Amino acid sequence: MQQIPATESRVGAAPHGLPRLLASSRNHAHAVDLRTHRSTMQIPPLPQRRPRFDLIDAVDAAGLRGRGGGAFPTATKMRAVTEGGRSPILVVNGAEGEPASSKDRMLMARMPHLVIDGALIGAAAVGANEVIICAERTSIKALNALEVAVGERVQARERFVPIRIVAIPPRFVAGEESALVHFLNGGEAKPTRVPPRVYQKGVKGRPTFLSNVETFAHLAQITQWGPSWFRQLGTDAEPGTMLATVSGDVTRPGVCEMAIGTPLTDAIGNAGGTNSPIQAVLIGGYYGTWLGAADAAAATMSNADLRSRDSGLGCGAVVVLPAGACGLRETARVLTWMSTESAGQCGPCVHGLGALSSTLTALAAGQIRPGMLDDLHRWAGLIDKRGACSFPDGAARLLRSALQVFAGDITLHLRHRSCSSAMARPVLRLPKREEVVWR
């Protein structure tokens, strides 16, 4: 059987422009079935035998980086897995504990076959003989769509490695890679100390190729249309497109696809624009940072640009805060929620996050005591890089950006005066907390 290099197109002409990942969902309110997926995305069934390392080379040439927040080079991770010495396992991380993001849930619920294609191609690339796709147990539409999609492939008699769909706890830290592996190995969905890294010793003690849902969707299209096609959009340093969840004070909140490097104002425009003047924009979700109105107006959706503003894309979430909201109160609400999401394994989380959230809540409410602002700055510094995982780092980062962007409101609060706004209705969404969460 002739082997077809992954860098060559196999069916029809490569699509141009946008959308890419969302192309098949344009006219479908529900999950795209297998037949529609094949005709729209033009990704054929995985052949019985496929070239192995040229797939990784194609991903490398495309410059694909993980779309889960870390932006780690995907090909580097894949090569590390192949060097593990044992048969690998592939895990699709659909844990989306970030309340401001819904892109991965949407992909699994609406385009399950694209996610499955990416997972199967990734498994072929690294030599994995098992695929596990994880989604939060509250993501009912996503779980159902994935189960139906696997059933469609069985009915179509397509050959593929075993696929297991796993429902996981809907907690923020449950999506951290070591926490997810620990859960899949029968433990609690809490981060574990590393090393070893999951690419060395993960599920069942085997090398594990673990990445998020959107990354695998991109991988499927790269291996169909090639690296050059992928690089037609985006920047040289950060090629391709990305999915962003835009919410807050916008006309049409939801998930949209854009080229990396798109102006942040255009991303907001894709959501119908704002309903009132922008006070600030939260970029990267609740693990991210606030940008003031001026910074937001000049920023682009790229890590290179956002790093110069002490920010980053993170999970791609964008939340617009209107002029009629109190940024301190909104941040205090999120920090309080984050303190309840702690795995309870280290002092920075157990004690530090509680101190940050209670003090900022008191400041936002006008309950002033001497030195409280200095305490917030000092505690944020003490928490940073001292946790058992990076979860408390995100809370400290969010707080520091709030203290900078909303400095004018802080001055008013410290003078026991109301800030420029006091909206009763919160802007940042928070999920309802479950009583039983880890197992």
Item checked: Dimensions in Å of region 113-184 - Rg and Dmax from alpha carbons -> 12.9, 38
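Can you compute the helix-only [θ] at 222 nm over the chain? Use -39500 (n - 2.57) per DSSP H run of at least 4 residues, normalise by all residues, nearest 500 deg cm²/dmol.
Theoretical 222 nm ellipticity from helices: -11500 deg cm²/dmol.
What does the C-alpha gyration tensor say about the overall shape of region 250-325? Classify as rounded when a/c is under 1.5, otherwise prolate if a/b is larger than b/c, or oblate. The partial results should precede the final answer.
Details: a/c = 1.56, a/b = 1.21, b/c = 1.29.
Oblate is the answer for region 250-325, as a/c is 1.5 or above yet b/c matches or exceeds a/b.
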Item checked: Largest to smallest accessible area among Asp295, Asp236 [probe 1.4 Å] -> Asp236, Asp295
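Over the chain, what is the relative contact order in percent, taking alpha-carbon pairs closer than 8 angstrom and at least six residues apart?
On the way: 898 pairs, mean separation 71.2, N = 439.
The normalised contact order for the chain reaches 16 percent.
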Next item on the list: Could you please state how large a percent of the accessible area of the chain is carbon and sulfur, counting protein chains only and using a 1.4 Å probe?
Entry: 51 percent
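Suppose R0 equals 35 Å. What FRET efficiency, 1/(1 + (r/R0)^6) with r the Cβ-Cβ distance, do Asp236 and Thr411 give to the nearest 0.05?
On the way: r = 42 Å, r/R0 = 1.21.
In this case the efficiency is close to 0.25.
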Notebook entry, point to check: Where in region 390-417 does the label zone of Asp374 land, with the point 7 angstrom along Cα→C-beta and an amide N cut-off under 18 Å?
Noted result: 411, 414-415
Item checked: Cα-based equivalent ellipsoid, the chain: semi-axes from gyration tensor eigenvalues, Å -> 39, 24, 18
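Explain nothing, just the number: dipole magnitude of region 75-199 about its Cα centre with +1 on each Lys and Arg Cβ and -1 on each Asp and Glu Cβ, in debye rounded to the nearest 20.
Working: 16 positive and 13 negative charges, 20 e Å.
Charge dipole of region 75-199: 100 debye, to the nearest 20.
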Notebook entry, point to check: For region 223-370, what is the accessible area per residue in Å², given a 1.4 Å probe and the full set of protein chains?
Noted result: 33 Å²
Margin query: Treating only the Cβ of Lys, Arg, Asp and Glu as charged (+1, +1, -1, -1), what charge dipole size does the chain show about its Cα centre? Round to the nearest 20 debye.
Written below: 720 debye
Next item on the list: Using only protein heavy atoms and a 1.4 Å probe, report how much of Val150 is accessible, in Å² to the nearest 10.
Entry: 20 Å²
Margin query: Largest first, please: the extent of the C-alpha atoms of region 59-104 along each principal axis, to the nearest Å.
Written below: 38, 24, 12
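May I ask you to give the average projected area over all directions of the convex hull of the Cα atoms of region 168-297, in nm² rounded to one decimal? List each step's numbers first, then the result.
Values: hull surface 41.3 nm².
Approximately 10.3 nm², given one-decimal rounding.
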Next item on the list: Mind pulling the per residue volume of the convex hull built on the Cα atoms of region 156-201? Å³ is fine.
Entry: 102 Å³
Next item on the list: Report, in order of residue number, the helices in the chain meeting two criteria: a C-alpha extent of 18 Å or more along the helix axis, and a mean Kyte-Doolittle hydropathy of at least 1.0; treat each whole DSSP H run as one helix.
Entry: 112-126
Item checked: Volume in Å³ per residue [convex hull over Cα atoms, computed for region 294-353] -> 121 Å³
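The values are calculated or read from the model by the stated rules, or taken from the named source; none is laboratory data. Fair warning: this is a prediction, and the values are worked out from it, not measured in the lab. Glycine also receives a Cβ, built like all others from the backbone with ideal geometry; neighbour counts cover every protein chain displayed. Note: accessible area is taken over every heavy atom of the protein model, side chains too, but ligands, DNA and RNA are not part of it. Shrake-Rupley method; radii C 1.70, N 1.55, O 1.52, S 1.80 Å.
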